[in-house]
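Participant: Okay, handing you the structure first.
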């Protein structure tokens, strides 16, 4: 039943050693069947089969454990004792006492091999199943040692004596039964514990890079924020972005891009020196470090070390101005400013990263320090209205200036750590205002018989859809301030105001 139970729970698609273990149990149990038939089979043939089966059972147990730990099995050490026991039995058959001693000592060697593997890997084995297994192994070796001592003391051959019951035989049989139960329970629990541990890792690790995933990142960030509020222990965040990664992907292909992400992740993880430090994949080519009990300068030093380590990889990047892969980093520390919640600190790190990229990439920048509140928003990232943006049409220019002012208010509130719910309302209102401006502009587009009115209106719909998407990202906690800034500067200002609107204004001037 034990062997059948283990075989049933064995994973057909995994190299977890369970099938070896089930086979070992089955072979070990078969040895007892043959032991009971020694009288019918003959002493030599019957006991030879028993010896071979029990030695093979130990070998299968060892194979199962080596497979479980994903280590190369030393076949000579595992199966050599099976041959040795067989040869010893044949040569010493007429000398029962010596035969029993040699066979027991070889079995002790087999058990010791398995126990040594368990002791070497115990620190890397999750759960308590390993302790059941080690207890069973120690009991098995204790029984074998007891049998050796009893044979040496009395000359009785113990379990291989089938003519009747004696103390050695009774103790050995009962002990063997308990040992098999402990070994089987232990191995099944070990397999379950590892499966549970793997499931926990899947729930908290990014599949591609092996770093913490976004879900685990949010959990740890909330914990650090709670610790800061409770005890005042500072912490720092480092936001990392791979420079020109989209160009890298387009040029070298997505498989190379995935390999690049894994290499960068390894460099980042190797820089985490303390047990509490967390490296996570934030999304795409962005990573985030959470550094407990860390001041700004310490965070800067670690960030610079990561930047240099990536640069020293010398990974070719044909589309980068530097010709190699680099990263930009933004650092923000809780001890250097006041934020309403953790998202404010995260936004500050993101804003510092954006500044690093704007200044040329491949550098580290520290977020603005000082006290930030909702009534005094930070000015780290702002849109600046230039006179060149004026169209000459007062109504249109007034709308544009109003949208600039609203955008700057939102950027400042994000940096100051404003309450997420009220910020979401502000962003909703901002997108509504953009939509109303577009509607009023479209009335003028079609009334003036502008030839590209339909294309211009389509651009409005695209920009409005992007705005709604950014609001949705913010509400789900996935919005980066850099993405919002790019939307405002490149899409709304450059693509719409300075390009599409400028063409429309030029058309209007020709009609006057």
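Listed here are the residues, each with its yes/no results for (1) surrounded by fewer than 18 Cβ atoms within 10 Å (Cβ to Cβ); (2) modelled with pLDDT under 90.
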site: 23; (1), (2): no, yes
site: 55; (1), (2): no, no
site: 64; (1), (2): no, yes
site: 70; (1), (2): yes, yes
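Participant: Give the range 238-255 a look and list any residue that's more than 18 Å from residue 345 (Cα to Cα) and surrounded by 13 or more Cβ atoms within 10 Å (Cβ to Cβ), or say none. Steps first, please.
Facilitator: Our first condition is that a residue be more than 18 Å from residue 345 (Cα to Cα); within the range 238-255, this holds for 242-255.
242, 243, 244, 245, 247, 248, 249, 251, 252 - these are the residues of the range 238-255 that are more than 18 Å from residue 345 (Cα to Cα) and surrounded by 13 or more Cβ atoms within 10 Å (Cβ to Cβ).
Participant: How many of the residues making up the range 64-121 are outside any helix (DSSP H, G or I) and either more than 24 Å from residue 18 (Cα to Cα) or touching a strand residue (DSSP E or B) at 6+ places or on another chain (Cβ under 7 Å) (or both)?
Facilitator: Matching residues across the range 64-121 total 4.
Participant: Suppose we filter 435, 417 for residues that are surrounded by 19 or more Cβ atoms within 10 Å (Cβ to Cβ) and either modelled with pLDDT under 75 or not assigned by TED's automatic domain parsing to the domain that holds residue 352 (or both); which single one remains?
Facilitator: Of 435, 417, the one residue that is surrounded by 19 or more Cβ atoms within 10 Å (Cβ to Cβ) and either modelled with pLDDT under 75 or not assigned by TED's automatic domain parsing to the domain that holds residue 352 (or both) is 417.
Participant: Let me ask something else about it. For the range 327-349, does any single residue satisfy the condition of being part of a helix (DSSP H, G or I) and either at positive phi or at pLDDT below 70 (or both)?
Facilitator: To start, the set of residues in the range 327-349 that are part of a helix (DSSP H, G or I) comprises 334-336, 342-349.
Checking the rest, the ones that are also either at positive phi or at pLDDT below 70 (or both) come to 335-336.
Yes: the range 327-349 contains one or more residues that are part of a helix (DSSP H, G or I) and either at positive phi or at pLDDT below 70 (or both).
Participant: Please work out if residue 125 is in contact with a helix residue (DSSP H, G or I) (Cβ under 9 Å, 6 or more places away or on another chain) and buried (at least 17 other Cβ atoms within 10 Å of the Cβ). Before the answer, list the steps.
Facilitator: Values: in contact with a helix residue (DSSP H, G or I) (Cβ under 9 Å, 6 or more places away or on another chain): yes; buried (at least 17 other Cβ atoms within 10 Å of the Cβ): yes.
In short, yes.
Okay, residues lined up against (1) farther than 30 Å from residue 143 by Cβ; (2) assigned by TED's automatic domain parsing to the domain that holds residue 282; (3) surrounded by fewer than 16 Cβ atoms within 10 Å (Cβ to Cβ); (4) free of Cβ contacts under 8 Å to residues at least 60 places away in the same chain:
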{"site": "181", "(1), (2), (3), (4)": "no, no, yes, no"}
{"site": "210", "(1), (2), (3), (4)": "yes, yes, yes, yes"}
{"site": "232", "(1), (2), (3), (4)": "yes, yes, yes, yes"}
{"site": "236", "(1), (2), (3), (4)": "yes, yes, no, no"}
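Participant: Within the range 150-175, can you find the residues that are modelled with pLDDT of 70 or more and either crowded, with 16+ Cβ neighbours inside 10 Å or within 47 Å of the chain's Cα centre (by Cα) (or both)?
Facilitator: Of all residues in the range 150-175, those modelled with pLDDT of 70 or more come to 150-154, 174.
Correct list: 150, 151, 174.
Participant: Further question: Residue by residue through the range 262-315, note down the ones that are surrounded by fewer than 16 Cβ atoms within 10 Å (Cβ to Cβ), in contact with a strand residue (DSSP E or B) (Cβ under 6 Å, 6 or more places away or on another chain) and farther than 27 Å from residue 233 by Cα.
Facilitator: Hit for the range 262-315 is 314, nothing else.
Yes/no matrix, rows are residues, columns are (1) closer than 18 Å to residue 348 by Cα; (2) part of a helix (DSSP H, G or I); (3) not assigned by TED's automatic domain parsing to the domain that holds residue 352:
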position: 259; (1), (2), (3): no, yes, no
position: 273; (1), (2), (3): no, no, no
position: 288; (1), (2), (3): yes, no, no
position: 298; (1), (2), (3): yes, yes, no
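Participant: Still on this structure: Out of curiosity, is residue 263 assigned to a helix (DSSP H, G or I), within 19 Å of residue 308 (Cα to Cα) and in the same structural domain as residue 319 (by TED's automatic domain parsing)?
Facilitator: Spelling it out, residue 263 is indeed assigned to a helix (DSSP H, G or I), within 19 Å of residue 308 (Cα to Cα) and in the same structural domain as residue 319 (by TED's automatic domain parsing).
The values are calculated or read from the model by the stated rules, or taken from the named source; none is laboratory data. What you see is a predicted model; the values in this text were computed from it and never measured. Don't worry about glycine lacking a Cβ; one is built from the backbone with ideal geometry, like all the others, and counts go over all protein chains shown.
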